[in-house]
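J.: This is the structure, below, for whatever I ask next.
The values are calculated or read from the model by the stated rules, or taken from the named source; none is laboratory data. Quick caveat: nothing in here was measured; it's all calculated off a predicted structure. Don't worry about glycine lacking a Cβ; one is built from the backbone with ideal geometry, like all the others, and counts go over all protein chains shown.
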């Protein structure tokens, strides 16, 4: 990083900085644990002489156990792209306007989680629904192991609540789909023949402000062999939207390649959710009681609003542990 001209290539520089942050997120707490271990020896000696220090010793042991557990969980982030940033796309699915509202609630939830983790969040694309919520939105989350933590969120998320859009106050079930792909640096080569991608331009639309444009600045890329479609309309410049769309397409194709590699080593495809009833990866209940439960790991929380405020780390950690157990099961 100290080399002359390091910052001339911003994309490559940011990739290197991200690698450094990822390494420090492991080595820094590890160094602290080694130092705390030395302090623990001193506390043990003092506890033998002073009973009042025993409580302090117990509290320190609990703190160290928590830190070790966090590092053990982080050690499970060993995928090829786990250290990368995450490109997350949220789509409203079954459930009408409630589904559009639910998709926007999920967008806020993931953005809040990222902000709490001091990660950077960039809006890449957003399509607002005319009545409420969003049809879809894409965000880029940059931070140490962002993709490794968030890739387990891919699938269908189901919400059950009393609908605020139903005058009769009936219970409504709505669905939103979450796709997660790794941010692939331009320094990493992914061969995408130009004749395999169709490019469409169209006029950006939305509720107003920056989402409205008088020129055909929005970009839609369709990868013909796989049928993958990505869109970007958040920037006023067609050039910037095109660059962002290509970044999203490269990320999606990298995710497809990763899924193929994982298929032989894990039970991922047996549990991969698609759409509709009985296919969700996580259930969020506001009625008749408040709870959130993951359909794969069984992990649950009783405070619905706490989860929607972005406190989802326990779900992310339990998913990492579940994946590790699945891999062990496959090997056995």
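J.: Would you point out which residue out of 40, 77, 20, 61 is in contact with a helix residue (DSSP H, G or I) (Cβ under 7 Å, 6 or more places away or on another chain) and in a helix (DSSP H, G or I)?
T.: The match here is 40.
J.: While we're looking at this one, here's another question. Of the residues 106, 124, only one is out of contact with any helix residue (DSSP H, G or I) (no Cβ under 8 Å at 6 or more places or on another chain) and crowded, with 19+ Cβ neighbours inside 10 Å; which?
T.: Criteria check complete, one pass: 106.
J.: What number of residues within the stretch 301-320 are surrounded by 16 or more Cβ atoms within 10 Å (Cβ to Cβ) and at negative phi?
T.: 12
J.: Let me ask another. Taking the condition of being part of a loop (DSSP other than H, G, I, E, B) and modelled with pLDDT of 85 or more, how many residues in the stretch 197-252 meet it?
T.: Qualifying residue count for the region: 4.
Conditions (1) part of a strand (DSSP E or B); (2) within 14 Å of residue 179 (Cα to Cα); (3) modelled with pLDDT of 90 or more, marked per residue:
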site	(1), (2), (3)
108	no, no, yes
111	no, no, yes
118	no, no, yes
123	yes, no, yes
132	no, no, yes
141	yes, yes, yes
